[in-house]
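Comments concern the structure below.
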Amino acid sequence: ICTLFSSSSMPALFFSAINSFQWFRASLSPISSMESMATVLKLAMEYVERHYRENILLEDIARYSFVSVNQLCKIFKENFGTTVTKYITSKRIAEAKKCLIQGYNVSETAAMCGFNDYANFIRTFSSHVGISPGKYYKASI
């Protein structure tokens with residue numbers, strides 16, 4: 001008799017199935033209580049905090065927060081007055097400022113803070129901070 005799964009993989013498979021079901025169920029039901037919204041926001045912010053250095057997809061944040069992408073975006077906008085994407089960018093810029101102050105050069109900072117494109121980092125940083133990251137770096141040393 002051939003088995004599809006080894007006994008050692010069953011717990012991981014079970015928990016993965018439970019997690020998928022919880023995400024699916026949550027994505028179908030509206031978020032009604034303030035406590036539930038606060039939990040979603042806390043989880044979303046926690047995910048961004050842990051992964052801002054990486055390429056973040058809204059689907060990943062939503063899955064981590066047990067809501068649909070539409071619910072996540074709506075809750076975020078209603079509570080913070082900004083989009084999830086703008087929040088991620090603000091987090092990355094705040095971290096970039098810290099890196100530049102600590103002495104990392106502009107290209108190192110861009111890579112460390114989740115900006116895959118150097119030119120995009122310079123443009124985004126300049127529009128948020130008002131000066132280029134190079135000038136910010138020189139002013140901090």
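The values are calculated or read from the model by the stated rules, or taken from the named source; none is laboratory data. None of these values were measured; they are calculated from a predicted model. Because the Cβ atoms are built from the backbone with ideal geometry, glycine has one as well, and the counts that use them run over all protein chains shown. Accessible surface is based on the protein model in full, side chains and every heavy atom, while ligands, DNA and RNA are left aside. Shrake-Rupley method; radii C 1.70, N 1.55, O 1.52, S 1.80 Å.
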Scanning the range 91-140 for residues that are in contact (Cβ under 8 Å) with a residue 40 or more places away in the chain, open to solvent by 30 Å² or more (accessible area, probe 1.4 Å) and not in a helix (DSSP H, G or I) gives 116
Could you tell me which numbered condition residue 87 fails, if it satisfies all but one of (1) of a type in the set (Phe, Trp, Tyr); (2) open to solvent by less than 30 Å² (accessible area, probe 1.4 Å); (3) within 30 Å of residue 141 (Cα to Cα)? (2)
Please identify the pairs in which a residue from the range 48-62 that is in a helix (DSSP H, G or I) has its Cβ atom under 6 Å from the Cβ atom of a residue that is aromatic (Phe, Trp, Tyr), counting only partners at least 6 apart or on another chain. 61/47
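Residue 82: of a type in the set (S, T, N, Q), on the phi < 0 side of the Ramachandran plot and part of a helix (DSSP H, G or I), yes or no? Explain how you work it out, then say what you get.
Working: of a type in the set (S, T, N, Q): yes; on the phi < 0 side of the Ramachandran plot: yes; part of a helix (DSSP H, G or I): no.
No, not satisfied.
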